[in-house]
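A short reminder: the numbers here are calculations on the coordinates, not readings from a lab. Keep in mind that what you see is a predicted model, and the values were worked out from it rather than measured. Here the Cβ is made from the backbone with ideal geometry for all residues, glycine too, and neighbour counts use every protein chain on show.
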Amino acid sequence: MKIIMLGAPGAGKGTQAKRLAAKYNIPHISTGDIFRANIKNNTELGNKAKVYMDQGLLVPDELVVDLVVDRFKNPDCANGYVLDGFPRTIPQAEALDKALANNQDAVEYAIDVDVPDEVIIDRMAGRRACLNCGATYHTITIPPKKEGICDICDSPLVLREDDKPETVKKRLTVYHEQTQPLIEYYSNKGILKSVDGTKTMDEAFEEVVLLIEGN
Ligand code: AMP
């Protein structure tokens, strides 16, 4: 099963992607997580990506596409994957289609988690992340058991640089300009499904599963 999650930053697509990956026993591939791991490990890719990420800009396509296509070669991708945060531009989507078509393969579902900008700005202000293991929380909707501490690895939680309000506004502008056109791209291919991301995480997940299994 090959699934793409679409939606603005903060729409909740990461949470839905992780749950889908667990339900269908396929890997969750988040390009944002891959970049953050590279930043943490001080790699050349991480240092290049950080310059863009901290400004709320997209990392250039050429730094992203090969990374993802290489990741598919891993045996854990044999039964599919959930892509979270990729593709984010039309050229990335075209590159993905081309790479899959080379193996007579294609994306099956593109799921758009739809949330208005105002709701996103409110949500992101409460988002907290563990830079050690990548877990994310929300001060109100998904609080950690111990305030400011990751449930999984006990590390301190932070408001990520790219979740700060000024950066969020920039990221939303970038989303509307560069990523939103993918909705039409996948709609034209007949594989777009939309869910209302203002619902609770559980309700939205139920809707996503129905959309996939109702097909
Ligand atoms: P995310 O965790 O998916 O919100 O990604 C965090 C940041 O990583 C984004 O704001 C971008 O700067 C960068 N990024 C992640 N995925 C991509 C992608 N597919 N193309 C370009 N930049 C990306």
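Tabulated results
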item	result
Debye-sum result for the chain in log10 I(q)/I(0), which assumes one identical scatterer on each alpha carbon, at q = 0.15, 0.16 Å⁻¹	-1.01, -1.17
Amide H contacts of residue 6 (H built 1.01 Å from N, under 5 Å, at least 5 apart or other chain)	111, 112, 113
Residue exposure sequence - 179, 200 - by fewest surrounding Cβ within 10 Å	200, 179
All-pairs Cα distance distribution in region 59-99, expressed in whole percent, bin size 10 Å	28, 60, 13
Kirkwood-based shape ratio for region 151-215, expressed as Rg/Rh from alpha carbons	1.09
Hydrodynamic radius (Kirkwood) for region 1-115, which is based on Cα pairs only, to one decimal in Å	14.5
Over the chain: helical MRE at 222 nm, DSSP H runs n ≥ 4 each giving -39500 (n - 2.57), nearest 500	-13000 deg cm²/dmol
Order of 54, 163 - criterion: other Cβ atoms within 10 Å of each residue's Cβ, fewest first	54, 163
Sparse-neighbour loop sites [GluC sites (Glu not before Pro); region 64-161; at most 14 other C-beta within 10 Å; DSSP]	108, 147
Exposure proxy ranking, count of Cβ atoms within 10 Å, fewest first, for 187, 30	187, 30
